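What follows is a short report on a single structure.
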Amino acid sequence: MSMSGRIVAQVIDSLKKMVAIGVTTKEIEDFADERIKALGGIPAFKGYRGYPSSVCISVNEQVVHGIPSDRKLKDGDIVSIDIGVFLDGFYGDAAVTISIGTIDKEAADLIRVTEESLYLGIENAVEGKRLYDISSAIQKHVEENGFSVVRLFVGHGIGRELHEEPQIPNYGVPGQGPRLKRGMTLAIEPMVNAGGHEVIVLEDGWTAVTKDGKRSAHFEHTVLVTQDKPRILTKNN
């Protein structure tokens, strides 16, 4: 899992340099697909439950599972890129939201708060804590900053399968849920809306958008639960 996670991290770092005004989301997918394979991995999302692309790319009001297309990124857009890699029987999964050109304050705050909430959640991925300690830390930070956490989609366990138990909501009561144990591997992924938490899925059966049309951000890491400091498997040192 450390090896698959390392590939995810390397691809995301490369994408941060190539994503820009005028680039299409399909070009981003093609670049990511090539990089994953060049590094020895297999794109995990391609064909998963019928998903048609190698990565998920969601722009502005799109929350998750956006299908890459000829859509060109514009100045002021925010784009969330979700990448999964399969390698030698194990999965790694991470997501990042990137600003395009000059974005307004609300978008900048949304991205910052979502990423901060991810790391606050990760801090609670420690042996002896409860699952919803992660969830509540995310929710508290997001709502204190005037945003809302998506409730229709959640984080998840990950390992030999891309999605395993337990589900990890981005909201909840601290001290509740199963107790965390060393060796558990979790995909923690706050999805945060500038407006209300409600989302709808478009006719393509995949792309989820905010019901009120406001923007959304998404950050994710695959994390190993340890006795003390959690180990992030999808982040370069």
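Where a number appears in this text, it was derived from the coordinates with a stated rule and is not lab data. These numbers come from a predicted model, not from an experiment. Counting neighbours? That spans all protein chains shown, and the Cβs are built from the backbone with ideal geometry, glycine included.
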| Would you pick out the residues in the stretch 6-29 that are part of a helix (DSSP H, G or I) and either over 26 Å from G89 (Cβ atoms) or without any contact (Cβ under 8 Å) to a residue 24 or more places away in the chain (or both)? | S14, K16, K17, M18, T25, K26, E27, I28
| query | Taking A108 and the conditions (1) surrounded by fewer than 22 Cβ atoms within 10 Å (Cβ to Cβ); (2) more than 22 Å from G66 (Cα to Cα), which numbered condition does it fall short on, given that it satisfies the others? | reply | (2)
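If you go through the stretch 219-226 one residue at a time, do you hit one that is part of a loop (DSSP other than H, G, I, E, B), polar (S, T, N, Q) and either touching a residue at least 24 places away in the same chain (Cβ under 8 Å) or more than 29 Å from D13 (Cα to Cα) (or both)?
Just the residues of the stretch 219-226 that are part of a loop (DSSP other than H, G, I, E, B), to begin with: 219, 225.
Of the ones still in play, those that are also polar (S, T, N, Q) are none.
No - not one qualifying residue is present in the stretch 219-226.
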| query | Which condition breaks for Q62 when tested against (1) buried (at least 17 other Cβ atoms within 10 Å of the Cβ); (2) more than 30 Å from S2 (Cβ to Cβ); (3) more than 18 Å from the chain's Cα centre (by Cα)? | reply | (3)
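Looking only at the stretch 177-195, count how many residues are part of a loop (DSSP other than H, G, I, E, B) and more than 13 Å from the chain's Cα centre (by Cα).
9
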| request: Could you figure out which of (1) surrounded by fewer than 20 Cβ atoms within 10 Å (Cβ to Cβ); (2) farther than 27 Å from G146 by Cα isn't true of T185? | output: (1)
| message | Could you list, ordered by first residue, the pairs with Cβ atoms under 6 Å in which the first is in the stretch 67-79 and touching a residue at least 60 places away in the same chain (Cβ under 8 Å) and farther than 22 Å from F45 by Cβ and the second is part of a loop (DSSP other than H, G, I, E, B) and of a type in the set (V, I, T), at least 6 apart or interchain? | response | none
